Amino acid sequence: MIKPTSPSRLAVRQGGFTLIEVMVSIAIVTITAVNVLSVFCLAVAATQTSQQDMLARQIASEAMESIFTARNTSQLSWSAIQNVSNGGIFVDNAVPVKCAGPDGIIGTADDSNCLTASGAVCPGGAQCMTEPGRDGIVGTADDIIVPMNNFTRQIQITPLFDSQGNQIPTLNSVTITVRYNVSNTAIPKSYVLNEYVSQYH
């Protein structure tokens, strides 16, 4: 003979998810998925700008090395390692990134248009980067020329002072700022390189 089930035991056996529990679970899963997708989008954006970030670092380093090389080879007198406004040869303002002119020093008034590997002027006269084309070899007809028209470089040379406020005549601070626009955002970025240059090497 089958015993009848008490109502309280029946309620325990028929327990399940309520509509509110299902909706809360869906909300939690949705919020988690949105967060994961936003992190993924940030990673993709960072990857897309990494090449421009690397170019900005290279442009700044190239200018700094040009200053040190000119000093080390005695191509420049110490008094010439200044901005034009202080009697030196380095342009004060931010200017397009061009190639060194006849003096061989980057950031001076005689900087000139850059040429590609084939001898053509880079678009806009700015420096350009040559990437391999479909064949994977640089220097062939299918090379891709990437102009760096969206970069500017500013070289600022300032004197340094000791703790008593006296200028140190044999030491200057060099700050190179490279500004550039990232294609997928409207916000300009900048890379700043700051070093000290001494009269002595």
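Only the coordinates and a few stated rules stand behind these numbers; no lab work does. It should be emphasised that the depicted structure is a prediction, and the values quoted were computed from it without experimental measurement. Here the Cβ is made from the backbone with ideal geometry for all residues, glycine too, and neighbour counts use every protein chain on show.
Starting with the fewest neighbours, write out D143, D103, D135 ranked by other beta-carbon atoms found within 10 Å of each beta-carbon.
Going from sparsest to densest Cβ surroundings: D135, D103, D143.
Along the charge dipole of the chain, Cβ charges K/R +1 and D/E -1, which of Y200, A43, G88 sits furthest on the positive end?
Checked the options; the winner is A43.
Can you tell which of M54, G119, T130 lies farthest toward the positive end of the dipole of segment 31-151, using +1 and -1 charges on the Cβ of basic and acidic side chains (Lys, Arg; Asp, Glu)?
About the Cα centre, the residue reaching furthest to the positive side is M54.
Of the listed values (i) 27.2, 98; (ii) 30.6, 113; (iii) 17.1, 53, grab the one calculated as Rg and Dmax of the Cα atoms in Å from the structure here.
(ii)
So, with +1 on the Cβ of K and R and -1 on the Cβ of D and E, and no other charges, what is the size of the charge dipole of segment 61-167 about its Cα centre, to the nearest 20 debye?
160 debye
Any idea what the dipole of the chain comes to, in debye rounded to 20, about its Cα centre with Lys/Arg Cβ at +1 and Asp/Glu Cβ at -1?
1300 debye
Is it possible to state the helix-based mean residue ellipticity at 222 nm for the chain, with each DSSP H run of 4+ residues giving -39500 (n - 2.57), the sum divided by total residues, to the nearest 500 deg cm²/dmol? What is it? Display every interim value, and only then the final one.
Numbers: 2 runs with 61 residues, N = 201.
So the helix-based figure for the chain works out to -11000 deg cm²/dmol.
Quick one: 3J(HN,Hα) in Hz for segment 126-136, Karplus 6.51/-1.76/1.60 with θ = phi - 60°, rounded, Gly and Pro as x.
Listing the rounded values in order: 6, 4, 9, 10, 9, 10, x, x, 5, 7, x Hz.
Gap in Å between the Cα centre of segment 118-139 and the Cα centre of segment 58-97?
Here the answer is 26 Å between Cα centres.
What's the local net charge at F151, with K and R +1, D and E -1, over the other residues with C-beta under 12 Å away?
On the way: positive: R57, K98, R153, R179, K189; negative: D53, E62.
Charge balance near F151 sits at +3.
Please order I137, I187 by the number of other Cβ within 10 Å, starting at the fewest.
By the 10 Å Cβ count, ascending: I187, I137.
Could you tell me the relative contact order of segment 113-201? Use alpha-carbon pairs under 8 Å, at least six residues apart, and round to a whole percent.
Over segment 113-201, the number comes to 18 percent.
How big is the antiparallel share of DSSP beta bridges in the chain, given as a percent to the nearest 5?
Looking only at bridges with both residues in the chain, the antiparallel portion is about 95 percent.
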